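The values are calculated or read from the model by the stated rules, or taken from the named source; none is laboratory data. Predicted, not measured: the structure shown is a model, and the values here were computed from it. A quick note on method: Cβ atoms are made from the backbone with ideal geometry, for glycine too, and the neighbour counts reach across all protein chains shown.
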Amino acid sequence: MNVELEEPNVAGRLGRRTTLLMAIGCGVTVANLHYVQPLLPQIARDLHVAEGGVAHIPALPQVGYALGLLLIAPLGDMVERRGLVIVMLAAVIVSLVGMAVAPTLGLLALASFLLGVTTITPQLLLPFAAHLAPPGERGRVVGAVQGGLLIGVLLSRTVSGLVGHYLGWRAMYGIAAGLTILLLAVLRRALPSDKSDTGLTYPRLIGSLWEMVRAEPALRQACLFGSATFGVFLAFWSTLAFHLAEPPFRYGSEIVGLFGLVGVVGVLAASWVGKLADRSDSRSTAVLGLVLMLASFFELWIGSHRLWGIVAGVLLLDLGMQMTHVSNQARIYALRPDARNRLNTIYMVSCCVGAGVGSILGGFAWSRWGWGGVCAVCGLQLAVPLLVFARGLIRRTEGESAPEGVLPEPG
């Protein structure tokens, strides 16, 4: 039965089973964006092209993902949410089959791009979960679903590497299509029907994104925090393999890949961070996460030649990222209950932009100054939002202490 619900009537509609299924759905679908990276040498051999000829393939799903976030994800505020999730999963299945059977590099590139465009299900499920969760448990629920997404990112490369080694790269996408078919069937039965009708046309819906950026200072701050967080995260992981390949480590790619499993601490931390955001000020929790990430790069610098130093830095980095990211999401979802998909779109697009910029800066820093340069550039990226936050805090303090009739300059 289709029932249109307002925010006050939502509480209690999201049980632990549905939360778990949403987390699994996020993990299974987000993994599609990362399977290709360990498979590139096999793809090049199979399609009879040089390895340099497939080097651009991993970027195509990311570009498509950003486009899908911008143009499709906001529809969650306009149409029936469960139906949108099912339609997008069906489109993912078609794209995965296209990847599995692509006979040429050009068709593989097209399927890879379309896979990114359609693989926005995690960014539909996260606002959906926040909508269904009781207000006092929203941070916990978002943290749990976000934990599923993180597992998918962490395990995708390991799984695709193993499947590709034993069964071939095409088998990985065939298996992924089968898993998505199963996921579609399960979520179709498990997710509640819930329509959000804003009364907006599609052009007006997309146009409202900029209006929200202008009207919501908390959203702008979350975007600043998120872009810096994703930027340093990508800068770190895109250069770690180079650092670990040098003395004294001399690790190969198979060992470097295991460092991703250290990030499981983020999965364990995500739900705890969500509960912390429910009980305290989510902005303060996000700032604490930035501070932990800044501390992680200090540790990665001073412990750069010791295995335990790298491991400790990874643990701090992942914990800090989860604190900032989950707190940001809990914070923005509370701003406008009828616009959570659009709020999430704005936030995630800013994160994608930050990730792209951070990856470029990380590569530039490594080529010029080595590992110390990477740590320094990442530290500077994190210092920017912290300094902006401190400046705003000082101005608010001055405003509260100013005599009546004397106002501080706007900041």
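Does any residue of segment 346-353 turn out to be within 22 Å of Gly68 (Cα to Cα), aliphatic (A, V, I, L, M) and crowded, with 22+ Cβ neighbours inside 10 Å?
The initial filter retains those residues of segment 346-353 that are within 22 Å of Gly68 (Cα to Cα), namely 346-353.
Now restrict to residues that are aliphatic (A, V, I, L, M): 346, 348-349, 353.
If we keep only those that are crowded, with 22+ Cβ neighbours inside 10 Å too, we end up with 346, 348.
Yes.
Restricting Ala339, Ala277, Ala286 to residues that are modelled with pLDDT under 90 and either over 26 Å from Gly372 (Cα atoms) or buried (at least 24 other Cβ atoms within 10 Å of the Cβ) (or both) narrows the list to Ala277.
Taken over segment 172-211, the criterion of being buried (at least 18 other Cβ atoms within 10 Å of the Cβ) and aromatic (Phe, Trp, Tyr) is satisfied by Tyr173 alone. If I filter segment 75-87 for residues that are without any contact (Cβ under 8 Å) to a residue 24 or more places away in the chain and of a type in the set (D, E, K, R), do I get at least one hit? No, every residue in segment 75-87 fails to be without any contact (Cβ under 8 Å) to a residue 24 or more places away in the chain and of a type in the set (D, E, K, R).
Ala295 satisfies every condition listed in (1) modelled with pLDDT under 95; (2) over 20 Å from the mean Cα position of the chain (by Cα) except (1).
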